[in-house]
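Participant: First the structure, then my questions, so here it is.
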Amino acid sequence: MTSIGTGYDLSASTYSPDGRIFQVEYANKAVENSGTAIGLRVKDGIVLAVEKLVHSKLLVPGVNRRIQTIDRHIGLATAGLLADGRHLSNRARDEAANYRDQYRQPPPLKSVADRLGLYIQAYTLYSSVRPFGISTILGAVDKDGPALYVVEPSGVFFGYNGAAVGKGRQLAKTELEKLKLSELSTREAVIEAARIIYLVHDDAKEKDFELEITWIGDETGGLHLPVPKDLQAEAEAAAKAALETFE
Amino acid sequence: MDHFPTNWGRPRNDAYDAYGTYPIAQRPYNGPKDAFAQGIQHTQQPIVTGTSVLALKYKDGVMLAADNLASYGSLARFKDIQRLQAIGAHTVIGAGGDMSDFQYIQAMLDELIIDEFTAQDGHTLGPAEIHEYLAQVMYARRSKMNPLWNAILVGGVKDGKRFLSFVDLLGTTYSASTLATGYGAHIALPLLRTAVEGKEDILNEEEAHKILEQSMKVLYYRDARSIDKYQVATITAEGVSISETRHLETSWSFAEGIRGYGAQTQ
């Protein structure tokens, strides 16, 4: 990397001569090393899925969740440093609670994404702190229907119909583009999400992984919940079957 | 310790007037100031109030009833107020007393439920936990001489156990198989006890409804701060439901025959 040794990458408060902040770009590298996370915004809801790499067989199954609940109707999936993700989800919860306290109504996802973006951006301004090694996918069904945002380590956020971050994001994005997201139901989207996560998982390089899937929609009464066990099993079975035919 | 060097002096000249000036110079105060300290007021009385809440245990769960009136003194100010509120999936609270304090409590408990929901740890709060939490809040507020001016019934079913308990502005708590707050504690509770006690495991939903309707009717006849519109909350193992507003059928023809008051001359 050309940035190394120039001295412009020692702090997030220093630009390089061509106007880049290397520490923020390094933060993106931390995201790229993490297991893939995807989000689907479909007809009647949102589906979030994460390829959680299990680094030890001794780990208790289901531990170290990477999809968090922010409010009744808001879910957050992270790719990057696990601890940063937990800090960020706590902050998002505070922001959502603060919105509720001030306006006495459920926070629209845009407001939460906006506030979280401001918070993350503040960590790109000072030499005393390190930018977040996290790209976060925020999903919700709010008063305007399903919404999906991605907030990056720089603090920028964009709305998406389908989003992928982490190691396998390129392949996942290609797969997401093939789907007719606006016509899918959440139930169908769960199957697709599981298939994509299984597809992008690189068996050769990585050991085991756990599939985390949550959804928000009419089927959950607008709540952000893990998909039921039977549906998850069905989705994983379908994903494994699809993998056989793909190769 | 005064951490402001500008305030330091030897000897401490707030106690010793070295130059014989009078009055003794006051040491400037640089500690935290509350500009509104003079303006802070504590609740001295409720303003917009709700009257009684009734509740009983029956075979399948717990049932609560409260009318739809929020009074402004003796004025029937708001006639479509819901005084029963579901908290989480297993609990209903019903409140008499100050309605703005009740709205504050609703917002507080909603936040609590969201905090528990977002933890996603597989645990949910039941009526017993919510009642305990409320009691601690109510007692803490009364200890600050700034009570939340309510009497609240907490009812629910969780893990196959029925729960019904009371808490008020002082933080006082008690439970029984049938409870009432406010005027209802005087007028309706004796009727409820006769109808319910010893029959908690026998009464079915319909009978429980009947008992509450009858008690609400008696209260409407006797309580000048009540109204003939009320709602019933039912909590069973299946969950929580709060009914639409119901109307009480009453007859006031007997009033013609009352003698001894007002303008009639026998």
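The values are calculated or read from the model by the stated rules, or taken from the named source; none is laboratory data. As the structure is a prediction and not an experimental result, all values here were calculated from the model. Here the Cβ positions follow ideal geometry from the backbone for every residue, glycine too, while neighbour counts run over all protein chains shown. When the accessible area is computed, the model is the full protein with side chains, heavy atoms only, and any ligands, DNA or RNA have been set aside. Shrake-Rupley method; radii C 1.70, N 1.55, O 1.52, S 1.80 Å.
Participant: So if I take the centroid of the Cα atoms in the stretch B:204-266 and the same for the stretch A:1-30, what is the distance between those two points in Å?
Facilitator: Cα centres, the stretch B:204-266 to the stretch A:1-30: 74 Å.
Participant: Given an 8 Å cut-off on Cα distances and at least 6 residues of separation, report the relative contact order of the stretch B:41-81 as a percent.
Facilitator: 33
Participant: Would you tally the net charge around A:SER185, using a Cβ to Cβ cut-off of less than 13 Å, leaving A:SER185 out, and scoring K and R as +1, D and E as -1?
Facilitator: -2
Participant: With every atom except the alpha carbons ignored, what do you get for Rg and Dmax of the stretch B:214-254, in angstroms?
Facilitator: Just the Cα atoms of the stretch B:214-254 yield Rg and Dmax of 13.0, 43 Å.
Participant: What are the principal axis extents of the Cα atoms in chain B, in Å, biggest first?
Facilitator: In descending order, the Cα extents are 87, 67, 30 Å.
Participant: Next question. Relative contact order for the stretch A:69-135 using alpha-carbon pairs under 8 Å, separation at least 6, rounded to a whole percent?
Facilitator: Taking the mean separation of contacting Cα pairs over the length of the stretch A:69-135, I get 36 percent.
Participant: I need the Kirkwood Rh of the stretch A:142-247: take the reciprocal of the average 1/r across all distinct C-alpha pairs and report it in angstrom. Present the calculation step by step, with values, prior to reporting the outcome.
Facilitator: Details: mean 1/r = 0.0662 Å⁻¹.
Answer for the stretch A:142-247: a Kirkwood hydrodynamic radius of 15.1 Å.
Participant: Another question, if that's okay. Compute, for B:LEU219, the solvent-accessible surface of its heavy atoms (probe 1.4 Å) with the complete set of protein chains present, and express it in square angstrom to the nearest 10.
Facilitator: We get 10 Å² for B:LEU219.
Participant: As I understand it, the value is the acute angle between the Cα axis of helix B:127-143 and the longest principal axis of the Cα atoms of chain B; what does it come to in degrees, rounded to 10?
Facilitator: Once rounded, one gets 40 degrees.
Participant: Amide H to amide H, which residues 5 or more places from B:ARG77 or on other chains are under 5 Å from it, using H placed in the peptide plane?
Facilitator: Under 5 Å from the amide H of B:ARG77 lie the amide H atoms of B:ALA70, B:SER71, B:TYR72, each far enough along the sequence or on another chain.
Participant: If the elastic network links every pair of Cα atoms under 10 Å, which of B:ALA176, B:ALA119, B:ALA95 fluctuates the most in the Gaussian network model of chain B?
Facilitator: Result: B:ALA119 has the largest fluctuation of those listed.
Participant: Also: Using a Gaussian network model of chain A with C-alpha springs under 10 Å, which one of A:ILE213, A:ILE21, A:ILE137 is most mobile by mean-square fluctuation?
Facilitator: The residue that fluctuates most here is A:ILE21.
Participant: Rounded to two decimal places and with Rh computed the Kirkwood way over Cα pairs, what is Rg over Rh for the stretch A:1-110?
Facilitator: 1.07
Participant: Find the eigenvalues of the gyration tensor of the Cα atoms of the protein assembly as shown, then list the square roots of 5 times those eigenvalues as equivalent ellipsoid semi-axes, largest first, in whole angstrom.
Facilitator: Working through the eigenvalues yields semi-axes of 53, 39, 19 Å.
Participant: What is the log10 of I(q)/I(0) for the stretch A:86-225, computed with the Debye formula using one identical point scatterer on each Cα and no solvent, at q = 0.13, 0.16, 0.17 Å⁻¹?
Facilitator: Log-scaled intensity ratios, in q order: -0.67, -0.98, -1.09.
Participant: Right, next: Taking H placed 1.01 Å from N in the peptide plane, check which residues at least 5 places from B:VAL48 or on another chain put their amide H under 5 Å from its amide H.
Facilitator: Amide H to amide H, under 5 Å and 5 or more residues apart or across chains, B:VAL48 pairs with B:MET99, B:SER100.
Participant: Share of Cα-Cα pairs in the stretch B:54-191 beyond 25 Å, in percent?
Facilitator: 25
Participant: If you don't mind, another one. Would you kindly work out the equivalent ellipsoid of the stretch B:197-266 from its C-alpha gyration tensor and give its semi-axes, the square roots of five times the eigenvalues, largest first in whole Å? Present the calculation step by step, with values, prior to reporting the outcome.
Facilitator: Details: eigenvalues 236, 41, 16 Å².
For the stretch B:197-266, the ellipsoid semi-axes come out as 34, 14, 9 Å.
Participant: With a bin width of 10 angstrom, please list the P(r) values of chain A as percents of all Cα-Cα pairs, from the 0 bin to the one holding the largest distance.
Facilitator: The percentages, shortest bin first, are 8, 32, 34, 20, 6, 0.
Participant: Mind putting a number on the dipole of the stretch A:1-62 about its Cα centre? Charges go on the C-beta only, +1 for Lys and Arg and -1 for Asp and Glu, and I need it in Debye to the nearest 20.
Facilitator: On the way: 6 positive and 6 negative charges, 57 e Å.
That gives a dipole near 280 debye.
Participant: Mean separation of Cα pairs under 8 Å and 6+ residues apart, divided by the residue count of chain B: what relative contact order is that in percent?
Facilitator: Result for chain B is 23 percent.
Participant: Any idea what diffusion coefficient the stretch B:110-188 gets from Stokes-Einstein, in µm²/s, Kirkwood Rh on alpha carbon pairs, 25 °C, 0.890 mPa s? Let's see the in-between values first.
Facilitator: On the way: Rh = 13.8 Å.
After rounding, the answer is 178 µm²/s.
Participant: Only Cα pairs within less than 10 Å get springs; with that Gaussian network setup on chain B, which residue of B:SER74, B:SER251, B:SER215 has the largest fluctuation?
Facilitator: Most flexible of the set in this elastic network: B:SER251.
Participant: What are the ³J(HN,Hα) couplings of the stretch B:175-183, residue after residue, when phi is run through the Karplus curve with 6.51, -1.76, 1.60 and θ = phi - 60°? Round to Hz, x for glycine and proline.
Facilitator: Listing the rounded values in order: 10, 6, 6, 9, 9, 8, 10, x, 4 Hz.
Participant: With θ taken as phi - 60° and the coefficients 6.51, -1.76 and 1.60, list the Karplus ³J(HN,Hα) couplings across the stretch A:58-70 in order, rounded to whole Hz; mark glycine and proline as x.
Facilitator: Per residue, the Karplus-derived 3J(HN,Hα) values read 7, 5, 5, x, x, 8, 6, 5, 10, 10, 10, 9, 9 Hz.
Participant: Here is a further query. Within chain A, which DSSP H helices have Cα atoms that stretch 30 Å or more along the helix axis and a mean Kyte-Doolittle hydropathy of at least -0.5?
Facilitator: Span-like helices here: none at all.
Participant: Leaving ligands, DNA and RNA out of it, rank B:ARG222, A:ARG195, A:ARG65 by accessible area with a 1.4 Å probe, largest first.
Facilitator: Working: B:ARG222 165, A:ARG195 55, A:ARG65 85 Å².
Output order, biggest surface exposure first: B:ARG222, A:ARG65, A:ARG195.
Participant: Report A:GLU212's accessible area, 1.4 Å probe, all protein chains in place, as a number in Å² to the nearest 10.
Facilitator: 20
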